[in-house]
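What follows is a single structure, written as structure tokens, with notes after it.
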């Protein structure tokens, strides 16, 4: 039976992490160590100049030990494996993120950042993401099947496995694309709106992203916008 560490960047109360923990519970002993609040777009950041606070948390999944952390998702992997699990970890699962982690936007993702931290610590790591909508039919139908497949893959130093589930109805689902590459396109094309202008010439800005679909064959982006599950590999530093 494996010892499994689960984290995310949407916070410990997210529906996605509960569904992931429930799916993983059949494979071994599950520890959930996740941020107490939303931490999206924090990439691979860690806490250095202040303490990291940890508290037990009740999760509605039988047999799962859970803890909330006042810190980043990468912090959660570090304190989870080094303190809570005492370093005895077989695999780290990150997600299920609310919103895709793919294409060039992947560099900002704290879901993927947590998986990178796990790989950096020497653990096999898998990131799971789905569409930021209320339609999770494909995820719910194929999560256990995909987990069964990717958990069996060997640990390869320097890489993580990245899984994205489309937000289409199950009737529109077109299959699984494996070995997808990370697209260099952007899922969201950002711009900044001016909210306020100051007397000294400064200003207050707010980012806004526009989705402009572009089908790039063989990539994670291309798979998702054609209603496929994307399973690919992402390289860590070095």
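Bear in mind that the values in this text are calculations on the coordinates, not laboratory data. Every value quoted in this text rests on a predicted model; they were computed, and no experiment measured them. No Cβ is skipped: glycine too gets one built from the backbone with ideal geometry, and neighbour counts run over all protein chains shown.
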(request) Please report 172, 105, 90 as a ranked list, fewest other C-beta atoms within 10 angstrom at the top and most at the bottom. (result) 172, 90, 105
(message) Which of the three applies to the chain, rounded, prolate or oblate, going by the alpha-carbon gyration tensor with a ≥ b ≥ c and a/c under 1.5 meaning rounded?
(response) oblate
(request) Identify which of 167, 222, 202 has the largest mean-square fluctuation in a Gaussian network model of the chain, with springs joining Cα atoms closer than 10 Å. (result) 202
(request) Could I have the simple spin-label model distance between residue 144 and residue 210, label points 7 Å from Cα toward Cβ, reported in nm to one decimal? (result) 4.4
(message) Give me 111, 219, 7 sorted ascending by neighbouring Cβ count inside 10 Å, so fewest comes first.
(response) 219, 111, 7
(request) Using a 10 Å cut-off on Cβ atoms, rank the peptides 43-49, 31-37, 70-76 from the highest mean neighbour count down. (result) 70-76, 31-37, 43-49
(request) Once you've got the GNM for the chain with C-alpha springs shorter than 10 Å, pick whichever of 25, 66, 110 has the biggest mean-square fluctuation. (result) 25
(request) Using only the Cα atoms of segment 93-163, build the gyration tensor, take square roots of its eigenvalues as a ≥ b ≥ c, and label the shape rounded, prolate or oblate: rounded if a/c is under 1.5, else prolate if a/b is larger than b/c, else oblate. (result) oblate
(request) Among 104, 129, 81, determine the one that fluctuates most according to a GNM of the chain built with springs between C-alpha atoms less than 10 Å apart. (result) 104
(request) Normalise the Cα radius of gyration of segment 166-238 by 2.2 N^0.38 Å (N = residues in it) and let me know the number. (result) 1.60
(message) For a test of the definition: using alpha carbon positions, the gyration tensor, and the 1.5 limit on a/c, classify segment 108-215 as rounded, prolate or oblate.
(response) oblate
(message) Roughly how far apart, in whole Å, are the Cα centres of segment 146-169 and segment 209-238?
(response) 14
(message) Using Cβ contacts closer than 10 Å as the measure, can you line up 152, 181 from fewest to most?
(response) 152, 181
